[in-house]
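Below: one structure, written as structure tokens.
The values are calculated or read from the model by the stated rules, or taken from the named source; none is laboratory data. Since the model is a prediction, treat every value here as computed from it, not as a measurement. Don't worry about glycine lacking a Cβ; one is built from the backbone with ideal geometry, like all the others, and counts go over all protein chains shown. Accessible surface is based on the protein model in full, side chains and every heavy atom, while ligands, DNA and RNA are left aside. Shrake-Rupley method; radii C 1.70, N 1.55, O 1.52, S 1.80 Å.
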Amino acid sequence: MDAVQQANSGHPGAPMGMADIAEVLWRGVMRHNPSDPTWWNRDRFVLSNGHASMLLYSVLHLTGYPLSLDDIRAFRQLGSHTAGHPERDTHLGIETTTGPLGQGIANAVGMALAEKLLAAQFNRPGLPVVDHRTYVFLGDGCLMEGISHEACSLAGTLKLGKLVAFFDDNGITIDGDVTGWCTDDTPARFEAYGWKVVRAVDGHNAAAIAAAIQDAQSQDERPTLICCKTVIGFGSPNRAGSSKAHGEALGAAEIEATRKHIGWAHPPFEIPADIRADWDQRAAGQQAQDSWNALFAQYSAAHPDLAAELGRRLRGELPANWDAVKADLAQQAAAVGAGQATRVSSQFALNIIGPHLGELLGGSADLSGSNNTFRKDSRAVTATDASGNYINYGVREFAMTAMMNGLALHGGFRPYAGTFLVFSDYARNAVRMAALMKQGVILVYTHDSIGLGEDGPTHQPIEHVASLRLMPNLAVWRPCDAAETAASWVASVERADGPSALVLTRQALPQQPRTPAQTAAMGRGGYTLLDTDGVPEAILIATGSEVALGVEVVQALAALGRRVRLVSMPCAEVFEQQDAAWRESVLPAAVTRRVAIEAGATGLWWRYVGTQGRVLGIDQFGASGKASDLYRHFGLTAENLQRTIVELLNN
């Protein structure tokens, strides 16, 4: 109450309503070490109803994490560690960024899946070095969001028995009593998913909460939903049970009345020494970690190779032979002679690098054969066999992406998964969270343009690549052939501070010859593919399937004596990160006649061609028809491109 009041902003209702649940979980149940918040075998805690962030900050402070009272007093202030919705900081005990409701429970499903997969891969009889649970708090809003259905359905199917969710069943959202817009039978819904459900637990009775948790921990296979009947703003004599307790400070008078009502006689931000000592979990946490350290020492002695591999993966390090692997990939990709769809080139790359990267966990939203994400060494994970390396996510693009975030957040995995580019819209907010949290997930998006043809405008992405490029900290790769596709995979695997999207074709594309210098330059995002003798008269910029058109036109113009440089720009974001000298060497400022071509929205390219340049693209929805007919219909032909460049040269 005091932190929200001091900030005059925030949500006191859910923290007050779930405080009794948090007290039981954080003081008596969870295995965690406030002295080492990154101890990797800790239980994970996810606050899916992220507006209740003051509850998380309170228990972190009270149990001994390095979150001070000054941090609490700075709640919601610029630069503070106590943001309005929790933002990932594992050194403070904050596992994931939540706030967009429903994503936290999907992240938690990913974390629980990570634990199950690592346990299957690394545990040995008598040496369960991977052994922890994932706990998540969620509310009505999380369960109304469709992503909760996607993720929780899959959690039940995969039998994630170490996942425990606490449903804050207070019946209130921002607009008031939820019975006006949500009359779901939530327990029955989760039972239908295959979850264990503990119904009607008194969320203000510590003994009842503890008994429900014990029941949940007895489950070996089914995840558990504990339905806690709570009162929002519990303790507030005039606001409890009302939407008025949800998202605004209670006010000085109501806070004073609440203090009297619950018998709390201490001033703001003062915690009596005996209560503080009773909450402190540092000694118990260190004891738990020490016990695990002894277990891991036995494991390392008995299975040194497994221990070394597990440690490497948890540290996020690439294998010692990675340089040799990527050199082999580059050599084999350069040797591809026939035309090849870049989705096929992507699978080709995966078949080479996959066996060397145990952390490379694949998947698809029911499009494995179309996305080409299933590689030669892929084995599907099932409820009864978690030793595989491929997740069949089903038709669940949003949950798939949020679960990938959870897998990456947990550690030990570099998840990649595919869907059609046009369906990236379904997953967009989870892509945004990956970028915000700087998680190295790899998004494989195929069928990248009108080149997919007869499926028509509902399946033909137009604005998608441009809109993804607008997202901060997302690297969007649109390669033109097998060599660029291989380079995009290498860059994506090596990137540790954010997600990458690989945008790939359905149709076959020709392979482009390159010098060793050009091959080395592909990873810089933009480079000169065809150059001129002397200073170029104009520059043509292309990506993906349109690079081949550019090659045809530039060569035809060269035969006519015109000097046009062709720049391939598979990743504008990476190109922008290069030093000024490189960018000037590729796009010299003195050459102002510029044309860009891409089978999609034109927005990005005006940055590079200027207001006097030309952009050939598509700023309207597509149409049903053969790909070749569509390219002619939208003017993406060699003839039109050559005419556009000649007009610019003659102007």
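Quick notes
- Verdict on Thr528 being open to solvent by 10 Å² or more (accessible area, probe 1.4 Å), in a loop (DSSP other than H, G, I, E, B), modelled with pLDDT of 95 or more and among the polar types (S, T, N, Q): no
- Residue list for region 354-374, filter: of a type outside the set (Gly, Ala, Ser) and more than 22 Å from the chain's Cα centre (by Cα): Pro355, His356
- Complete set of residues in region 266-290 that are in a loop (DSSP other than H, G, I, E, B) and hydrophobic (A, V, I, L, M, F, W, C): Phe269, Ile271
- Tally of residues being under 28 Å from Gln6 (Cβ atoms), of a type outside the set (A, V, I, L, M) and either at pLDDT below 95 or out of contact with any strand residue (DSSP E or B) (no Cβ under 8 Å at 6 or more places or on another chain) (or both) across region 202-256: 14
- Subset of region 291-318 that is outside any helix (DSSP H, G or I) and out of contact with any Lys or Arg (no Cβ under 7 Å at 6 or more places or on another chain) - its residue that is surrounded by the most Cβ atoms within 10 Å (Cβ to Cβ): Leu318
- Put simply, of Ile391, Ile353 the only residue that is in contact with a Leu (Cβ under 8 Å, 6 or more places away or on another chain), in a helix (DSSP H, G or I) and open to solvent by less than 30 Å² (accessible area, probe 1.4 Å) is Ile353.
- Residues being surrounded by 21 or more Cβ atoms within 10 Å (Cβ to Cβ), in contact with a Lys or Arg (Cβ under 8 Å, 6 or more places away or on another chain), closer than 22 Å to Val130 by Cβ and among the small types (Gly, Ala, Ser) - total across region 356-388: 1
- Tally of residues being under 17 Å from Ala249 (Cα atoms) and in a loop (DSSP other than H, G, I, E, B) across region 1-30: 6
- Within region 147-191, tally of residues that are open to solvent by 40 Å² or more (accessible area, probe 1.4 Å), part of a loop (DSSP other than H, G, I, E, B) and farther than 22 Å from Thr382 by Cα: 6
- Residues of region 175-203 classified as under 30 Å from the mean Cα position of the chain (by Cα) and at positive phi, total: 1
- Residue satisfying condition, being among the acidic types (Asp, Glu) and buried (at least 21 other Cβ atoms within 10 Å of the Cβ), within set Glu576, Glu598, Glu647: Glu598
- Within region 95-123, residues that are without any contact (Cβ under 8 Å) to a residue 40 or more places away in the chain sit with their Cβ atoms under 8 Å from residues that are open to solvent by 10 Å² or more (accessible area, probe 1.4 Å), at 6+ positions apart or across chains, in these pairs: Asn123/Asp131.
- Scanning region 200-232 for residues that are within 27 Å of His11 (Cα to Cα), assigned to a loop (DSSP other than H, G, I, E, B) and open to solvent by 50 Å² or more (accessible area, probe 1.4 Å) gives Asn205, Val231.
- Residue satisfying condition, being surrounded by fewer than 24 Cβ atoms within 10 Å (Cβ to Cβ) and of a type outside the set (A, V, I, L, M), within set Gly93, Gly84: Gly84
- Test: residue in region 31-49 that is assigned to a helix (DSSP H, G or I), on the phi < 0 side of the Ramachandran plot and over 20 Å from the mean Cα position of the chain (by Cα): no
- Pairs with Cβ under 6 Å, 6+ apart, first in region 128-153 and in contact (Cβ under 8 Å) with a residue 12 or more places away in the chain, second among the small types (Gly, Ala, Ser) and open to solvent by 10 Å² or more (accessible area, probe 1.4 Å): Val130/Ala119
- Only a single item in (1) open to solvent by 10 Å² or more (accessible area, probe 1.4 Å); (2) part of a loop (DSSP other than H, G, I, E, B) is not met by Gln121, and it is number (2).
- Residues of region 130-146 classified as open to solvent by less than 40 Å² (accessible area, probe 1.4 Å) and either among the acidic types (Asp, Glu) or closer than 23 Å to Thr382 by Cβ (or both), total: 4
- As a summary of the residue check, Arg614 satisfies the conditions (1) open to solvent by 20 Å² or more (accessible area, probe 1.4 Å); (2) more than 34 Å from the chain's Cα centre (by Cα); (3) more than 28 Å from Ala475 (Cα to Cα); (4) at pLDDT 95 or above except for the one numbered (3).
- Scanning region 233-265 for residues that are among the acidic types (Asp, Glu) and assigned to a loop (DSSP other than H, G, I, E, B) returns a single hit, Glu248.
- Close pairs (6 angstrom Cβ cut-off, 6 or more residues apart or separate chains): under 22 Å from Val29 (Cα atoms) in region 252-281, open to solvent by less than 80 Å² (accessible area, probe 1.4 Å) and not acidic (Asp, Glu) anywhere: Trp279/Leu62; Trp279/Thr63; Asp280/Gly64; Gln281/Pro34; Gln281/Thr63; Gln281/Gly64
- Within region 503-518, the set of residues being open to solvent by less than 70 Å² (accessible area, probe 1.4 Å) and free of Cβ contacts under 8 Å to residues at least 12 places away in the same chain comprises Thr515, Gln518.
- Any chance Arg343 is open to solvent by less than 60 Å² (accessible area, probe 1.4 Å) and outside any helix (DSSP H, G or I): no
- Filter pass, Val564 being in contact with an Asp or Glu (Cβ under 9 Å, 6 or more places away or on another chain), among the hydrophobic types (A, V, I, L, M, F, W, C) and either crowded, with 22+ Cβ neighbours inside 10 Å or within 25 Å of Asn651 (Cβ to Cβ) (or both): yes
- Per the listing Leu62, Leu55, the residue uniquely touching a Phe, Trp or Tyr at 6+ places or on another chain (Cβ under 6 Å), crowded, with 18+ Cβ neighbours inside 10 Å and in a helix (DSSP H, G or I) is Leu62.
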